[in-house]
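Report on one structure; see the data block that follows.
Derivation of every value follows stated rules applied to the coordinates shown; laboratory data play no part. Computed from a predicted structure; not experimentally measured. Quick reminder, even Gly has a Cβ in these numbers, built from the backbone with ideal geometry, and neighbours come from all protein chains shown.
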Amino acid sequence: APRVRIHHLQQAKRDGKRFAMLTAYEQYSAEIFDQAGIEVLLVGDSASNNVFGNETSLPVTVDELLPLCRAVARSAKRALVVADLPFGSYEVSAQQGVETGVRFLKEGLAHAVKIEGGKYYAETVRAMVQAGVPVMAHIGFTPQSEHALGGYRVQGRGDDAQRLIDDAVALAEAGAFAVLMEMVPADTAAAVDAAVSVPTVGIGAGNATTGQVLVWQDMAGLRGGRMAKFVKQYADLRTTLSDAAKEYGDEVRSGQFPGPEHSF
Ligand code: KIV
Ligand code: NA
């Protein structure tokens, strides 16, 4: 199948079709999701708390994310590969956004990048797009601003809906090729989707967006602990892997593995 391009996602919105997006951080997950037909792979800054063992997405750096991005881009033959710009790598100025975005396309081999923030980032988005760096905008709950937003809270409720519509319109007008919304009431997300001609992507944003995204370790049940309401687990990889590791350990300790069939 030919490479998924931004214009395919935009055509999906015009045709009333949907597309799927998952995070990926390394070779096998990228290869598997790509071959499963997932249209967009996100090298999320959620690698911070899903790969690097941090509590939040804030500590991860450009230098940590770039090699993961390269691995995903090399492994995905069809999917569009989008990379998150980590906290602190684009907020200072439009110029900083351009410089970091270029690094993710040049060194990370990404096809596009994603930045968090509302209409105040319109100028940054415009500069990045003019430099040849396609940008997906991320609005609503933006995890990099967790402390400023006072924790994980639904955004765009009631009177606050208009703020998200204004953000999305300004960012799309500045050239963002898509708008992702996180933890937004379904009716607000539907209103945002209706207000822009670019595709929207939701996570905890109801069912009216063009696309949906989940962190893959949540989707596949690899991560333990409490899941957000918006997560649906499609597998239980944690149990599968744990059982495999226990059985291997038992067989090694009992002398059952390796057997003659695994020996030279
Ligand atoms: O980093 C991430 O995983 C994200 C989400 C939108 C899935 O940005
Ligand atoms: Na992210």
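Measure out, as a whole number of angstrom, how far apart the alpha-carbon centroids of the range 193-237 and the range 162-188 sit.
If we compute the Cα centre of each part, the gap is 17 Å.
Within 10 Å, count the other beta carbons around each residue, average over each peptide in 123-134, 6-17, and list them highest first. The partial results should precede the final answer.
Numbers: 123-134: 19.6, 6-17: 14.2.
Ranking, from highest mean packing down: 123-134, 6-17.
What spacing in nm lies between the two simple spin-label points modelled at E251 and H8, each 7 Å away from Cα in the Cβ direction?
3.9
Given R₀ = 30 Å, FRET efficiency for T56-R163 by Cβ-Cβ distance, to 0.05? Kindly include the intermediate steps, with their values, before the conclusion.
On the way: r = 24 Å, r/R0 = 0.79.
Step by step, r from the Cβ atoms, then E = 0.80.
For the chain, what are the per-bin percents of Cα-Cα distances with bins 5 Å wide, up to the bin holding the maximum?
For the chain, the binned pair fractions read 1, 6, 12, 17, 19, 17, 11, 6, 3, 2, 2, 2, 1, 0, 0 percent.
For Cα pairs less than 8 Å apart in space and 6+ apart in sequence, what is the mean separation divided by the residue count of the range 13-74, i.e. the relative contact order in percent? Each step should come with its number before you reach the end.
Working: 69 pairs, mean separation 21.6, N = 62.
Normalised by residue count, the contact order of the range 13-74 is 35 percent.
Could you work out how far apart the two model spin labels at S197 and E31 are, taking each label as a point 7 Å from the Cα in the direction of the beta carbon, and quote it in nm?
Taking the simple label geometry, S197 and E31 are separated by 4.1 nm.
Mind jotting down a quarter of the surface of the convex hull over the alpha carbons of the range 170-264, in square nanometres, one decimal? The partial results should precede the final answer.
Values: hull surface 40.2 nm².
Averaged projected hull area, Cα only: 10.0 nm².
Subtract the Cα-Cα distance of A186 and E261 from 0.36 nm times their separation in residues, and report this length gain in nm to one decimal.
On the way: separation 75, 0.36 × 75 = 27.00 nm, distance 5.59 nm.
Using 0.36 nm per residue and subtracting the Cα-Cα distance, I get 21.4 nm.
Between V92 and K229, what FRET efficiency comes out of the Förster formula 1/(1 + (r/R0)^6) with R0 = 30 Å and r the beta carbon distance, rounded to 0.05?
Working: r = 34 Å, r/R0 = 1.14.
With a Förster radius of 30 Å, E is 0.30.
Pick from G211, G44, G249: which residue has the top mean-square fluctuation in a GNM of the chain where Cα pairs under 10 Å get a spring?
Fluctuation is largest for G249.
Take the chain, connect every pair of alpha-carbon atoms lying under 10 Å apart with a spring to form a Gaussian network, then pick out the residue of T200, T23, T61 with the largest mean-square fluctuation.
T61
Can you tell me the 0 to 90 degree angle between the C-alpha axis of helix 237-254 and the longest principal axis of the chain, rounded to 10?
Relative to the chain, helix 237-254 is tipped by roughly 20 degrees.
Could you line up D243, D45 from fewest to most neighbouring Cβ atoms inside 10 Å? Walk me through the intermediate numbers first.
Working: D243 11, D45 28.
Listed from fewest to most nearby Cβ atoms, that is D243, D45.
Using helices alone, I'd like the mean residue ellipticity at 222 nm for the chain: each DSSP H run of four-plus residues gives -39500 (n - 2.57), total over residue count, nearest 500. Write down the numbers at each step before the final one.
Numbers: 11 runs with 108 residues, N = 264.
Rounded to the nearest 500, it is -12000 deg cm²/dmol.
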